[in-house]
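Everything on this sheet refers to the single structure shown next.
The values are calculated or read from the model by the stated rules, or taken from the named source; none is laboratory data. Bear in mind the structure is a predicted one, so any value in this text is a computation, not a measurement. Every residue, glycine as well, gets a Cβ built from its backbone with ideal geometry; the counts of neighbours run over all protein chains shown. Each accessible area value is taken on the protein alone, full model and side chains, heavy atoms only, with ligands, DNA and RNA left out. Shrake-Rupley method; radii C 1.70, N 1.55, O 1.52, S 1.80 Å.
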Amino acid sequence: MINLKMYIDGEWRDSENMETRPVINPANGEVIAYAPEGTVADARAAIYAARKAFDDGVWSDLSAQERASYLLKIADKIDERAEELTQLETQDNGKPLREAGFDMADAASCFRYYAGLIRNPDGQTYHVADPMQAMVVREPVGVCGLIVPWNYPMLMSVWKIAPALAAGNTIVYKPSEVTPVTPMKLFEIFEEVGLPKGVANMVMGAGPVVGHEISAHPEVDMVSFTGGTKTGKQIMKTAADTMKKVSLELGGKSPNIIFADADFETAVDYALFGIFAGSGQVCSSGSRILVEESIYDQFVERYVERAKQIKVGPGNDPETEMGPLVSQQHMEKVLYYIDLGKQEGATVACGGNRITTNGLDKGFFVEPTVFVDVKQDMRIVQEEIFGPVVCIQKFKDEEEAIKLANDTVYGLAGGVFSNDGAKAMRVIKKIRSGITWINAYHPTYNEAPWGGYKQSGIGRSLGTFGLDEFQEIKQININLQVEPIGWFSN
Ligand code: NDP
């Protein structure tokens, strides 16, 4: 059994009322840990510790080089413990070892990226009228509340923690209650590298309790949240009372457009990867495949044939290509949507069921599921299912593809497959989404900004933009001739 604690003001702590909640391995339903059930008092203790550490300048007063050296040590420790972290991520979240391994490598790389970036020039000076000199400097925002979901427990955390710390902020971080294991290991690493106490604090517990307190508390200067759009709206409302800076990475229902002139097998392959990687529990998943009508039937036939061959199983089996869903509750939500799709009149071309054979009956496994005969106004086309469920639709021409692609409240990601480069570029430019691909789906890089248009969020993670989120901009105007201005006569 893994022993989980919260990390507040440099100490490992249980919840103040000693309550815990079980953490379940979704591949077999077994309890792998008990997590402290943090309370409002625990959240406040973490907020006060972060406030004190920020106000004392134990972190923000360090030079960029000194902060970067901590980040580099953290990256090295993640690499050293990658095998252990990968195994734990698979146990806790369910994802195949191959996926978890990529996450750990990316997490280390993200710390290294921000260690480098923070040492780059970051200000501006302006040639204004004499005798003034104007300049702009960047400063940390202060105490940052970081709230993350369960689909990439380590990676989503690092996307926020690395830039927030690089910029000199102190943090109050909350993992999802469903997946707190690797986040706790990350905080062990923070302790090992000697991060000053109070700089990084972790509180576990329910979103509406701990997450709400972080979003509401006046001593928190910013809240950076990744999760569902509904929760994001709630957080934005809560944060408005104290006018916190808000950064939101939310849900999606992303289109993947396949033109008849695309390389057929490449398009099929990426369209499978686009939705079934991570069991569809990826915010940017290509959950709506739009196919040009002349190749529609051929595409569906080949796609279904390949989808049926995906090896579903426990993440720790090296043969597994798709793992379980993260929890029983989430599996039930996905199965609800599959039922809903049938009721709405869509046809299940393959999948559609929970898997209980081959020893998978205790886990939360759902078949790769393909819907055809869908209409644009169906809820399975409009709403985020966040599981291994894809809708394949038909379009006539470029104009209709763009119209269908943009016709949801979301705007996170999108792909276009075509061998006509000009057409692919024309279409991608019309897609109202923040993350897009041409002749590929999913690859992403620490250097490039991640985030959405419309109801998929506000702000960006990663890249220089991801650092900007955690910085305030200050103008400084210096009088180079120190004498009265003489504006008033006396
Ligand atoms: P949720 O929105 O349910 O939860 C995300 C986090 O917010 C969890 O830590 C949760 O706590 C917490 N939370 C819940 N309620 C509140 C509240 N009232 N105030 C403050 N915090 C709260 O999302 P899921 O965990 O279900 O994650 C799936 C969603 O995340 C999908 O919609 C997906 O698209 C989105 N996502 C977006 C990404 C992006 O970059 N755009 C990336 C990854 C995921 P707890 O669960 O512990 O109660």
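Overview of results
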| item | result |
| --- | --- |
| Segments 479-490, 48-59, 223-234 sorted - mean Cβ within 10 Å per residue, highest first | 223-234, 48-59, 479-490 |
| Beta bridge orientation in region 255-438: antiparallel %, DSSP, nearest 5 | 15 percent |
| Sparse-neighbourhood loop sites, trypsin sites (Lys or Arg not before Pro) in region 85-166 - DSSP loop, at most 15 other Cβ within 10 angstrom | ARG119 |
| Residues with amide H under 5 Å from that of GLY142, placed H, sequence gap 5 or more | THR170 |
| Sulfur and carbon atoms: percent of accessible area, region 255-438 [1.4 Å] | 45 percent |
| Helix-only CD estimate at 222 nm, as mean residue ellipticity for the chain, using -39500 (n - 2.57) per DSSP H run (n ≥ 4) | -11500 deg cm²/dmol |
| Dipole moment magnitude, nearest 20 debye, region 1-114 about Cα centre, only Lys, Arg, Asp, Glu C-beta charged | 160 debye |
| Lys/Arg +1, Asp/Glu -1 at C-beta; the chain dipole; positive extreme among GLN91, ILE214, TYR152 | ILE214 |
| Theoretical gain in end-to-end length, GLU16 to ALA448 [0.36 nm per residue, Cα-Cα removed] | 151.5 nm |
| Extension gain from GLU305 to ALA134, taking 0.36 nm per residue of separation minus the Cα-Cα distance | 55.2 nm |
| Computed label-point distance, nm, for sites PHE273 and ASP61 using a 7 Å Cα→Cβ extension | 4.9 nm |
| The chain - share of DSSP beta bridges that are antiparallel (%, nearest 5) | 45 percent |
| Theoretical gain in end-to-end length, ASN477 to ARG379 [0.36 nm per residue, Cα-Cα removed] | 29.8 nm |
| Nearest-20 debye value, the chain charge dipole, Cβ charges on Lys, Arg, Asp, Glu | 760 debye |
| Highest to lowest packing among 454-463, 121-130, scored as the average C-beta count within 10 Å | 454-463, 121-130 |
| With every protein chain in place, region 105-220: carbon and sulfur % of accessible area (1.4 Å) | 53 percent |
| At least 15 Å along the helix axis (C-alpha) and Kyte average at least 0.0, DSSP helices within the chain | 97-117, 153-166, 181-192, 264-276 |
| Theoretical FRET efficiency, 1/(1+(r/R0)^6), r = Cβ-Cβ of GLU319 and ALA440, R0 30 Å, to 0.05 | 0.75 |
| Rounded FRET efficiency, nearest 0.05, which uses the C-beta distance separating ASN358 from ASN120 and R0 of 45 Å | 0.30 |
| Accessible area per residue, Å², the chain with all protein chains present, probe 1.4 Å | 42 Å² |
